[in-house]
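The values are calculated or read from the model by the stated rules, or taken from the named source; none is laboratory data. Please read all numbers here as calculations on a predicted model, not as lab measurements. Because the Cβ atoms are built from the backbone with ideal geometry, glycine has one as well, and the counts that use them run over all protein chains shown.
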Amino acid sequence: MIALVGAASAFVESTLAQIYKVRDGDTFRGGPAYYMEKALGQRWMGILFAVLITMCFGLVFTSVQANTISLAFNEAYGVPQIVLGLVLTTLTGLVIFGGIKRIARVAEIVVPLLAIPYVLMAVYIIAVNFTQIPNVLFLIVSDAFGLRPALGGGFGAALLIGVQRGLFSNEAGMGSAPNAAATANVSHPVKQGLVQSLGVFVDTLVICSATAFIILFSGIYESGEANGIALTQQALSSQIGGWASAFIAFAVFTFAGSSIIANYYYGETNIEFISGDSRYIFYFRIAVMALVLFGSLAGIELVWLLADLFMGSMALVNLAAISILAPIAIKALNDYTRQRKRGENPTFHASNIPGLKNAEVWGTEERKVK
């Protein structure tokens, strides 16, 4: 359900981020803070959001990712969390002090490195256990909506955890992804909005469901001894061999490590929205490194509690904004659709939407069509 609803909110917020982005040298910056100021005329709201996303993604979610990496290597190799924490903190410092261009290059290389093998393994395991899929689906639905969980309060818990983890996986509606979406150089804002919608379906409906199937196929969850990333490692190992635990450790290092880099960028771009003083960026980088170390050592319950608190606060502010501004995104979609029906490669100009203001990038300047 979160994937279905999230695809719509992801489209709206990312399209708005494209419409109201600003130039940053040869690239662009943008996101909720920018469309709150430019479209709503509420700079205070943009500053509030900028503070929340900097705290949530730049610091708290960074702790979550560091925690996941340290637990994965501890499960696979018995590496002490303090050792992993120090190594991860050092690597993070080397990357974030290298500047945004280096950050982009690092993320570009590491993300695909282990993502494709994980997807292939998931497809293989689901194919081998194909006959169990009906039972697994019945288990999911019956445990979420059956009489026993209803009597025990499990129905509410299933919805709560489903919403929390669904949002964490796709970030739809929270206002984080639009910061990245705004940097894309496209000929029409709707193109990026559609890409972000597709991303929600892939990471939540496909990847997360595949991981859930692997865990349920294994039966490891019934013991209740493993949690978090350790549960996934044990489940995968039971399906394809003990080496899978080590693979997951390196895959998590890739995925979560690149997420730390992306989270840092979200924080930096929003700090620059608040103030252009470079000192604040320096202080933020030091704080990020400190939170990486903290997350590597903290208990999993604590970091997730902090993540849920800030995630909800951030989403409320952004959802309020996109609820008001959704008609602009819909008008942009209609403009895109009209051009597609004429067989054209859609291009956007501020005048395409009567009354549209402060869309400075889409003004009179000519744009490269992509």
Which listed residue is part of a helix (DSSP H, G or I), under 20 Å from residue 22 (Cβ atoms) and at pLDDT 90 or above, from 330, 322, 286: 322
Residue among 216, 205, 198 that is assigned to a helix (DSSP H, G or I) and surrounded by fewer than 18 Cβ atoms within 10 Å (Cβ to Cβ): 198
Any residue that is of a type in the set (Ser, Thr, Tyr), at pLDDT 65 or above, in a helix (DSSP H, G or I) and under 20 Å from the mean Cα position of the chain (by Cα) - is there at least one of those in the range 156-176? yes
The range 42-58 residues that are without any contact (Cβ under 8 Å) to a residue 24 or more places away in the chain, paired with ones that are part of a helix (DSSP H, G or I) and charged (D, E, K, R) (beta carbon under 8 Å, 6 or more apart): 43/37
Residue pairs within 6 Å by beta carbon, gap of at least six or interchain, first lying in the range 1-12 and surrounded by 20 or more Cβ atoms within 10 Å (Cβ to Cβ), second polar (S, T, N, Q) and in a helix (DSSP H, G or I), listed first then second, are 3/204; 6/170; 7/197; 10/196; 10/197; 11/197
Does the range 294-314 include one or more residues that are under 20 Å from the mean Cα position of the chain (by Cα), surrounded by 16 or more Cβ atoms within 10 Å (Cβ to Cβ), modelled with pLDDT of 90 or more and not aromatic (Phe, Trp, Tyr)? no
Identity of the residue in the range 44-81, over 17 Å from the mean Cα position of the chain (by Cα) and closer than 21 Å to residue 183 by Cα, that ends up surrounded by the most Cβ atoms within 10 Å (Cβ to Cβ): 46
Note on the range 59-86: residues among the β-branched types (Val, Ile, Thr) and within 19 Å of residue 247 (Cβ to Cβ) are 68, 69, 79
Can you tell me which of (1) within 11 Å of the chain's Cα centre (by Cα); (2) among the small types (Gly, Ala, Ser); (3) under 30 Å from residue 340 (Cα atoms) is the one residue 193 doesn't meet? (1)
Residues satisfying the stated conditions in the range 340-354, i.e. over 18 Å from residue 17 (Cβ atoms), without any contact (Cβ under 8 Å) to a residue 40 or more places away in the chain and within 31 Å of the chain's Cα centre (by Cα): 340
